[in-house]
Amino acid sequence: MNDATPHPEQSEHTAAAQTPDFDALTRDIAEVPAVEVIVTVAVNLMSAAAVKLGLAADEAGTEHKDLDEARKLVHALAGLLDASTTEISSFHAAPLRDGLKSLQLAFREESLVPDEPGKGPGEKYTGPVYG
């Protein structure tokens, strides 16, 4: 038998080690409060939007710039924050709204042809954003 050929018992063990424990993951998720899930998703959307706007801290930041993708992410963030207004406290919501506004302004600055006021990403939910 060739040494490169895995033994059946090794393949099964390797596959089992790579398969996530969905029961454990479900228990872990069940323990996380909804507010924490909402805030985490919002922060992830903000981070992804910043990268797509070319605002990454590294020198390759502009390499990842994609305004079409950034628009979608900023719009999704605005929708999430609008929908969760009554669910999260102002303690959590205020910095997220500030971050959203900063992303909206950065989008406006990066656009070669700026959107009309009220037509930018997320402005359906936030209203027009001005610097």
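The values are calculated or read from the model by the stated rules, or taken from the named source; none is laboratory data. Computed from a predicted model, the values in this text were never measured in an experiment. Cβ coordinates were reconstructed from backbone atoms using ideal geometry, including for glycine residues, and neighbour counts include every protein chain displayed. For the accessible areas, the whole protein counts, side chains as well, though only heavy atoms, and no ligand, DNA or RNA atoms are used. Shrake-Rupley method; radii C 1.70, N 1.55, O 1.52, S 1.80 Å.
List the helices (runs of 4 or more DSSP H) inside segment 63-131, counting only whole elements, that have at least 3 residues being more than 17 Å from residue 48 (Cα to Cα).
Counting at least 3 such residues, we get 90-110, 123-126.
Using beta carbons and a limit of 7 Å, which pairs, at least six apart or on different chains, have the first residue in segment 89-101 and farther than 15 Å from residue 40 by Cα and basic (Lys, Arg) and the second one open to solvent by less than 90 Å² (accessible area, probe 1.4 Å) and at pLDDT 95 or above?
Here the result reads none, with nothing in segment 89-101 linked to a residue that is open to solvent by less than 90 Å² (accessible area, probe 1.4 Å) and at pLDDT 95 or above.
Just checking, how many residues over segment 77-99 are of a type in the set (S, T, N, Q), at pLDDT below 95 and under 17 Å from the mean Cα position of the chain (by Cα)?
0
Report, by residue number, each residue of segment 29-62 that is more than 24 Å from residue 121 (Cβ to Cβ), among the aliphatic types (A, V, I, L, M) and either touching a residue at least 24 places away in the same chain (Cβ under 8 Å) or surrounded by 10 or more Cβ atoms within 10 Å (Cβ to Cβ) (or both).
Once the filter is applied, which keeps residues that are more than 24 Å from residue 121 (Cβ to Cβ), among the aliphatic types (A, V, I, L, M) and either touching a residue at least 24 places away in the same chain (Cβ under 8 Å) or surrounded by 10 or more Cβ atoms within 10 Å (Cβ to Cβ) (or both), segment 29-62 yields 32, 34, 35.
Can you name the condition, by its number, that residue 111 falls short on among (1) among the hydroxyl-bearing types (Ser, Thr, Tyr); (2) modelled with pLDDT under 95; (3) surrounded by 17 or more Cβ atoms within 10 Å (Cβ to Cβ)?
Only one criterion in (1) among the hydroxyl-bearing types (Ser, Thr, Tyr); (2) modelled with pLDDT under 95; (3) surrounded by 17 or more Cβ atoms within 10 Å (Cβ to Cβ) is unmet by residue 111, namely (3).
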